[in-house]
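Reading through the structure tokens given below for one structure.
No lab work stands behind these numbers, since they all come straight from the coordinates. Computed from a predicted structure; not experimentally measured. Backbone-built Cβ (ideal geometry, glycine too); neighbour counts: all protein chains shown.
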Amino acid sequence: MPRLSRAESQARTRARLLDTAKACFLRDGYAATSLEGIAEAAGFSKGAVYSNFANKDELCLEVLDAIRAERAASLVAAVSGPTSLEGRIAAFEAWAEKHIGDRAWTSLEVEFAIHASRDRRLGRELAKRTKAIHATVVATVRGQASRGGLELPMPPEDVAVALLSLGIGLGVQRAMVPSVPVRSLGKVARLLAGVTPKRG
């Protein structure tokens, strides 16, 4: 087996640290997770962590970036298949039922957001990411409206805020009470698309 170059070895170490950090943060939360614990669980020294990440905040931001990217990719994959608008909304509902309210992910998002609100620099970093998420949802809403020939009842930017706010709120509720249904999200999507909401 050929020997890894220094860059390849460092990339592999970084990826392992990110995977381990993700597992630790999701299992134990932000405050209870230490860089020492992540390094030990990954089989590296604490120095290996600091040679790849400036601090625990930066590492957690990258973990959250990765989780959000995974969730976004799974959502895009879910709604890309159906050809009808109703089919895409149904696929969106199925995705929401599976992912919105994931207790470990939601708890980490909320805990880290509270932590970031007390640090101006970190708060700016989180705000930048939130704006990027909003922009992605706006682009998706525009694309779906164009694809279905829909006339939205409000600007795509406002639709994105409504869907994100409802989704985040439902996520927090379902993290506490998993039986809370997500059907209201599908109903709002249908109303915004001018489709008669399904009963029930």
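Structure values in brief
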{"item": "Length-normalised contact order of segment 56-193 in % [C-alpha pairs under 8 Å, at least 6 apart]", "result": "31 percent"}
{"item": "Qualifying trypsin sites (Lys or Arg not before Pro) for segment 32-126 [loop in DSSP, other Cβ within 10 Å: at most 10]", "result": "ARG118"}
{"item": "For the chain, calculated [θ]222 nm from helices alone, where every DSSP H run of n ≥ 4 adds -39500 (n - 2.57)", "result": "-25500 deg cm²/dmol"}
{"item": "Between helix 103-116 and the chain: long-axis angle, C-alpha atoms, 0 to 90°, nearest 10", "result": "70 degrees"}
{"item": "Assigned charges on the beta-carbon of Lys, Arg, Asp, Glu; the chain dipole about Cα centre (debye)", "result": "200 debye"}
{"item": "Dimensions in Å of segment 22-68 - Rg and Dmax from alpha carbons", "result": "9.9, 28"}
{"item": "Size of charge dipole - segment 1-53 - debye, nearest 20, with Cβ of Lys, Arg +1 and Asp, Glu -1, no other charges", "result": "220 debye"}
{"item": "Choice from GLU62, GLU151, GLU86 showing the highest fluctuation, given a GNM over the chain with Cα pairs closer than 10 Å", "result": "GLU151"}
{"item": "Label point distance in nm, LYS131-ARG16, each placed 7 Å from Cα along Cα→Cβ", "result": "3.8 nm"}
{"item": "Cα-projected label distance for GLU8 with ASP28, points at 7 Å along beta-carbon direction, nm", "result": "3.3 nm"}
{"item": "Spin-label model distance (nm) - ALA72 vs ALA41, 7 Å beyond Cα toward Cβ", "result": "2.5 nm"}
{"item": "For segment 44-93: rounded, prolate or oblate by the Cα gyration tensor [a/c cutoff 1.5]", "result": "prolate"}
{"item": "Column: log10 I(q)/I(0), Debye, Cα scatterers of the chain, q = 0.09, 0.13, 0.15, 0.16 Å⁻¹", "result": "-0.43, -0.81, -0.98, -1.07"}
